[in-house]
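For reference, the structure is listed below as structure tokens.
Each reported figure results from applying straightforward, stated rules to the coordinates on display, with no laboratory input. None of these values were measured; they are calculated from a predicted model. As a convention, Cβ positions derive from the backbone with ideal geometry for all residues, glycine included, and neighbour counts pool all protein chains shown.
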Amino acid sequence: MSRMNSVLLPILVVLVSVVALLLLAGTNPWEPLKIIIEGSIGWPPFEGGSSRKVGDTFMVWVPIALASAGLIVTFNAGMWNIGIEGQIIMGAIAAAFVAREVSAPRPLLILLTILAGAAGGMLWGLLVGVLRTAGGVNEIFGGLGLDFVALSLTTYLIIGPWARSGVASTSGTDPFPADSLLPSLGSSKLSPLAVAIAILALVGVWLLFRGTLYGLKLKAVGRNRPSSFLLGIPTNRYLLGAFMICGALAGIAGTSQALGFHFKLIPAISGNYGFLAILVVLLARFRPFLVIPISFFFAMIAVGSPSLQLRLD
């Protein structure tokens, strides 16, 4: 079985199974698909005043794609970075701090928020790596624990220091200053900058494993860590590097969520897109360019499924 078939077969099986279930239920299988498409990119697709829907779908695609790019790095290093949810959250918190506290010209402020988001996610990812390499804590358990810490910190900030004036609510902070928000097209949320960063991240990860010695050694560490160590590769350093790269990309995903989609910090700022990215990467078989269509498919479902639920109700 070719690599492409191994990617397409599971998706095809799922689609056929869903169609079969809908037919057994006496439902037209085309109608739910049409509703999801209409709710995500409009119907006909990309026409009929659907710019807002298209913008929402692309801005959901961005964090999924960024998280997937980061996970490709840690998966190739042999690590299950379940802590990516926490890294997205910490990136959003760091970006929110800069957006709230720093005053600067808009281009510089946007750059600072992106860098802060990357730094926040990178440090949280590094913490998972340190627990794994220095403390012997499995990255799955360490990552999950840090996910809960990050989520709790978000809630604390929203109802505590960053609470809206006169309101005790977990609905989110005050909206961020307009100058700190990612630039968007027209009245939609679509930010060409965010989309470009996501595409560059996937291209960068492809180049990392396609044509660099670092990527080759990182793959070797993931395939056989003891042998790599005996050959002189500093395995722990490479593992920490993988977690830092993944964390930085996840942090930028959090920045996109906070400053390009919600425009404030909310408890569910990650959208569970980190966990969804794990599924995307596994379906893509760690191939960056396959991440693009697969993650966009899931973004369409995420944005369009509420329309399906409303129609069914």
What is the fewest-to-most order of 213, 112, 131 by other Cβ atoms lying within 10 Å of their Cβ? 213, 112, 131
Which order do 259, 190 fall in if you start with the one that has the fewest other Cβ atoms within 10 Å? 190, 259
What translational diffusion coefficient, in µm²/s and rounded to a whole number, does the Stokes-Einstein relation yield for the chain at 20 °C and a viscosity of 1.002 mPa s, taking the hydrodynamic radius as the Kirkwood radius over Cα pairs? 105
Footprinting exposure proxy for 212, 255, 173, 133 (fewest neighbouring C-beta atoms within 10 Å first): 212, 133, 173, 255
The chain: relative contact order in percent, alpha carbon pairs under 8 Å with at least 6 residues between: 35
Reach of residue 53 by Cα under 25 Å, taken over lysines that are not fewer than 8 positions away in the same chain: 34, 189, 264
Residues of type aspartates and glutamates that residue 219 reaches as a straight line, Cα spacing below 18 Å, ignoring anything fewer than 8 places off in the same chain: 139
Output for region 16-102: GluC sites (Glu not before Pro) sitting in coil per DSSP, at most 11 other Cβ within 10 Å, listed by number, reads 47
